[in-house]
Amino acid sequence: MNRSKQNRWLMRALGAAFVLAVAALVVWALRPQPIEVEVAEAAHGPFEQAVTDDGVTRVRERFVLSAPLSGQLERVEIHVGDRIDIDQVVAVLDPPAPVMLDVRTRDQLGARLRAAEAQRLRASAEVGRTEAAVAQAQSEAKRARSLAERGFISENALEQANLTLEGARMALEAARFAERAARYEEAQARSALSRVSPELLRPEASGAWELRSPVAGAVLRVMQENAGPIALGAPIMEIADTGNLEAVVDVLSQDSLLIRPGMSATLELGAGVEPIAARVRLVEPTAFTKVSALGVEEQRVNVLLDIADDAAREGSIGDGFRVEARIVVHRVEDALTVPVGALFRDGQRWSVFVVAGTGDDAEARMREVRIGRRNGVHAVVESGLQPGERVIVYPSDRLEDGSPVLPRPGSQPR
């Protein structure tokens with residue numbers, strides 16, 4: 001009898017165990033499966049925000065040599081790319097025989113000479129003004145270096161003083177170029193008037209005219225190379241100093257609001273070519289409309305960049321080269337950042353999913369964060385996260401607060 005009772009209890013125990021095992025199996029099968037996710041750590045490091053767009057290089061100053069009067073142009077023996085010196089003969093013009101001109105034409109030639117003289121005086125005054133600006137900038141830079149050595153001013157202030165000095169020197173170079181061009185224009189106007197004004201006639205005015213270059217540089221274009229008749233004012237060639245280059249980059253008008261003169265930049269010319277250092281000189285105050293490749297009208301603003309190294313002097317780039325400019329508008333040496341792919345909107349707030357726990361206990365916890373500046377890769381976290389916390393990158397729609405997650409092995413992008 002006792003043995004029979006024991007068997008019944010044993011059967012009941014086995015049945016209960018079986019039921020519990022089945023129930024446990026059902027619970028395990030129906031439990032939420034962890035979602036595989038990609039994670040990244042919130043970490044301190046340098047952060048840069050930059051504006052990137054395409055542009056072209058161009059010479060800062062160029063001069064178009066034109067015919068001072070109509071005549072017969074001899075064949076031009078100078079070609080594109082040739083280097084020329086100041087006052088070098090670049091073309092020869094055989095003028096027609098002097099003719100009697102009416103009073104109106106004589107007055108026009110006289111007015112042209114007076115305008116050229118005024119332009120030359122203005123250019124000379126500009127040279128004097130820029131020389132004074134260079135002297136003042138040199139004094140300010142010297143004072144800034146002295147103060148920086150004693151720790152009274154920041155490195156940024158010293159850099160700004162040196163930048164002002166460099167800009168003043170470039171302005172002086174441009175002013176001297178303009179003065180040389182103005183003197184050349186005055187000489188050409190005087191020569192043209194001497195053909196009909198005996199009181200200004202020079203001994204050499206009756207023969208061929210030698211057209212000389214007012215500047216040193218390289219020939220960019222030759223508009224008329226073959227011998228033949230040429231009209232008054234017709235362009236003959238374009239000359240420029242190819243070692244004095246700048247870059248012109250058109251950016252979106254909203255991006256231009258972030259750019260200030262003095263900001264550093266880099267110019268990319270293509271794969272396998274070292275980037276070229278540059279610095280913002282001017283943000284033009286006027287926008288223009290440009291149609292994008294997608295047919296969308298955009299308001300763009302030209303930004304002028306001074307090339308800061310010797311790439312132009314070494315001949316590695318020239319006029320009209322395409323570049324991709326990256327202008328740094330904000331930089332922090334030590335900022336707490338997360339990938340922008342981890343951010344999502346929860347109403348009007350920025351939020352992230354933080355991985356809480358480890359192993360089989362890992363789950364996603366939604367947390368509100370305060371975000372500062374962003375670039376195309378990272379965002380600065382002002383509050384809501386601690387260094388070392390793991391956030392989920394590119395969270396799917398399946399994720400909710402408390403969802404179990406399984407971080408992918410090796411998913412720690414920065």
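The values are calculated or read from the model by the stated rules, or taken from the named source; none is laboratory data. Small disclaimer: the values here were computed from a predicted structure and weren't measured. Using ideal geometry, Cβ is built from the backbone for each residue, glycine included, and neighbour counts are taken over all protein chains shown. All accessible areas refer to the heavy atoms of the entire protein, side chains included, with ligands and DNA or RNA removed. Shrake-Rupley method; radii C 1.70, N 1.55, O 1.52, S 1.80 Å.
What's the Cα-based Rg to Rh of the chain, Rh via Kirkwood?
1.30
Measuring from label point to label point, each 7 Å out along Cα→Cβ, what is the residue 334 to residue 370 span in nm?
It works out to 2.0 nm between the two label points.
When the helix-only estimate is applied to the chain (DSSP H runs of n ≥ 4, each -39,500 (n - 2.57), divided by the residue count), what is the mean residue ellipticity at 222 nm, nearest 500 deg cm²/dmol?
-10500 deg cm²/dmol
Amide H neighbours of residue 215 under 5 Å, counting only residues 5+ apart in sequence or on other chains, H built in-plane at 1.01 Å?
87
Can you list the residues, at least 5 places off or on another chain, whose amide H is less than 5 Å from the amide H of residue 318, using H built in the peptide plane?
none
So which residue, out of 133, 287, 13, gets the largest mean-square fluctuation from a GNM of the chain using Cα contacts under 10 Å as springs?
Judging by the Gaussian network model, the answer is 13.
For segment 264-374, what is the per residue volume of the convex hull drawn over the alpha-carbon atoms, in cubic angstrom?
Once divided by residue count, the hull of segment 264-374 is 238 Å³.
Which value in nm describes the separation of the simple spin-label points at residue 77 and residue 216, placed 7 Å from the Cα toward the beta carbon?
According to this spin-label approximation, the distance is 2.2 nm.
Once you keep just the Cα pairs under 8 angstrom separated by 6 or more residues, what percentage relative contact order results for the chain?
Taking the mean separation of contacting Cα pairs over the length of the chain, I get 28 percent.
Taking 7 Å along the Cα-to-C-beta vector as the label spot, tell me the residue 117-residue 397 distance in nanometres, rounded to one decimal.
8.2
Would you work out the charge dipole size for the chain about its Cα centre, treating the Cβ of every Lys and Arg as +1 and the Cβ of every Asp and Glu as -1, and quote it to the nearest 20 debye?
Computed about the Cα centre, the dipole is about 1560 debye.
From the phi angles alone, apply the Karplus equation (6.51, -1.76, 1.60; θ = phi - 60°) to segment 183-188 and give each ³J(HN,Hα) in whole Hz, x where the residue is Gly or Pro.
Computed from phi, the couplings for segment 183-188 are 5, 5, 4, 5, 5, 5 Hz.
Cut-off 10 angstrom, C-alpha nodes, Gaussian network model of the chain. Which of 262, 295, 217 fluctuates the most?
Comparing 262, 295, 217 in the GNM, the peak value goes to 295.
Compare 67, 175, 231 in a GNM of the chain, Cα atoms joined below 10 Å, and give the one with the largest fluctuation.
Result for the chain, Cα springs under 10 Å: 231 fluctuates most.
Kindly report the accessible area of the chain per residue (heavy atoms of protein chains, probe 1.4 Å, no ligands, DNA or RNA), in Å².
Per-residue value: 58 Å².
With the full set of protein chains in place, find how many percent of the accessible area of the chain is carbon and sulfur; take the probe as 1.4 Å.
53
Among 372-378, 393-399, 14-20, what's the highest-first ranking by average C-beta atoms within 10 angstrom per residue?
So the peptides 372-378, 393-399, 14-20, ranked by packing, come out 372-378, 393-399, 14-20.
With r defined as the distance between the Cβ atoms of residue 382 and residue 131 and R0 fixed at 45 Å, what FRET efficiency is calculated, to the nearest 0.05?
Computed FRET efficiency for residue 382 and residue 131 comes out at 0.40.
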